[in-house]
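J.: Please see the structure below; I have some questions.
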Amino acid sequence: MTKTFAVLALVISIPLAGTALASEHRASTFQETCSNLGYRAPDLTAECKTRIGATVFSSVALRGIENIDGTLRHSSGRKTGTFYKTCRDISVSKGGKAGARLMAECQRIDGSWVRSSTGIRGVDNIDGNLEYRFQEN
C-alpha cells in the first residue's frame with residue numbers, strides 16, 4: 001500500500017512540475033493589456049487594464065535574468081535578477097509577436113559595454129496586477 005501511494009504521488013507530481021517550468025519559459029502576455037512599459041530597478045513597471053476597464057499602475061520584480069559577459073540570459077526564474085547591477089540604459093518594449101523584450105547596454109568581463117536583449121517570460125496582467133504565473137516554492 002505504501003509503495004503504491006508513493007508511486008501514485010510521483011506520477012501525479014511530475015506533470016505539475018512540468019507545468020510550473022513551462023510557465024517560466026513561455027512568453028509573457030501582460031503587454032497585450034498594459035501600456036507605458038518601463039523598468040525601475042529591479043521592477044518591470046506598466047499601466048495595466050483591470051477587468052472593469054480601469055487603468056492602474058503596477059510593477060513586479062523581474063526574476064531570473066542575469067548579465068552573462070554582456071549578454072542578458074535567463075537563469076532559474078525564481079530569484080530577482082541581478083542584471084541591473086551591471087547593465088545601463090535599461091528599457092522594455094512590447095516586442096511584437098515575440099512578446100515583451102528587455103533591452104540594455106551590459107558590461108562585459110573586460111569592462112566594455114554591449115547592447116543586449118531578451119524576452120520577458122511568464123508575466124501576465126491579472127486584473128491590473130503584474131504577476132508571474134508559476135507556483136511558488
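No value in this document is a laboratory result; all are computed from the given coordinates. All of these numbers come straight from a predicted model, not from anything done at the bench. Ideal geometry is used to build each Cβ from the backbone, glycine not excepted, and the neighbour counts take in all protein chains shown.
J.: If you average the C-alpha positions of region 71-133 and of region 56-70 separately, how far apart do those two centres end up, in angstrom?
T.: That distance is 5 Å.
J.: Right, here's the next one. How far apart, in nm, are the 7 Å Cα→Cβ label points at Asp89 and Asp43?
T.: Result for the modelled spin labels: 2.6 nm.
J.: Report ³J(HN,Hα) in whole Hz for each residue of region 67-73, in order, from the Karplus equation J = 6.51 cos²θ - 1.76 cosθ + 1.60 where θ = phi - 60°; Gly and Pro get x.
T.: 9, 10, 6, x, 10, 6, 9
J.: Taking only the alpha-carbon atoms of region 32-137, what semi-axes of the equivalent ellipsoid follow from 5 times the gyration tensor eigenvalues under a square root, in whole Å, largest first?
T.: 26, 15, 11
J.: If I take every Cα pair under 8 Å that is 6 or more residues apart in region 26-81, average their sequence separation and divide by the length, what percent do I get for the relative contact order?
T.: Reported relative contact order: 23 percent.
J.: Let me ask something else. How about region 101-130: which trypsin sites (Lys or Arg not before Pro) there are in a DSSP loop, with at most 15 other Cβ atoms within 10 Å of their Cβ?
T.: Arg108
J.: Evaluate the charge dipole of region 76-127 about its Cα centre and quote only its size in Debye, nearest 20, assuming +1 on the Cβ of each Lys and Arg and -1 on the Cβ of each Asp and Glu.
T.: Computed about the Cα centre, the dipole is about 120 debye.
J.: Sticking with this structure for a sec: Starting with the fewest neighbours, write out Glu66, Glu47 ranked by other beta-carbon atoms found within 10 Å of each beta-carbon.
T.: Glu47, Glu66
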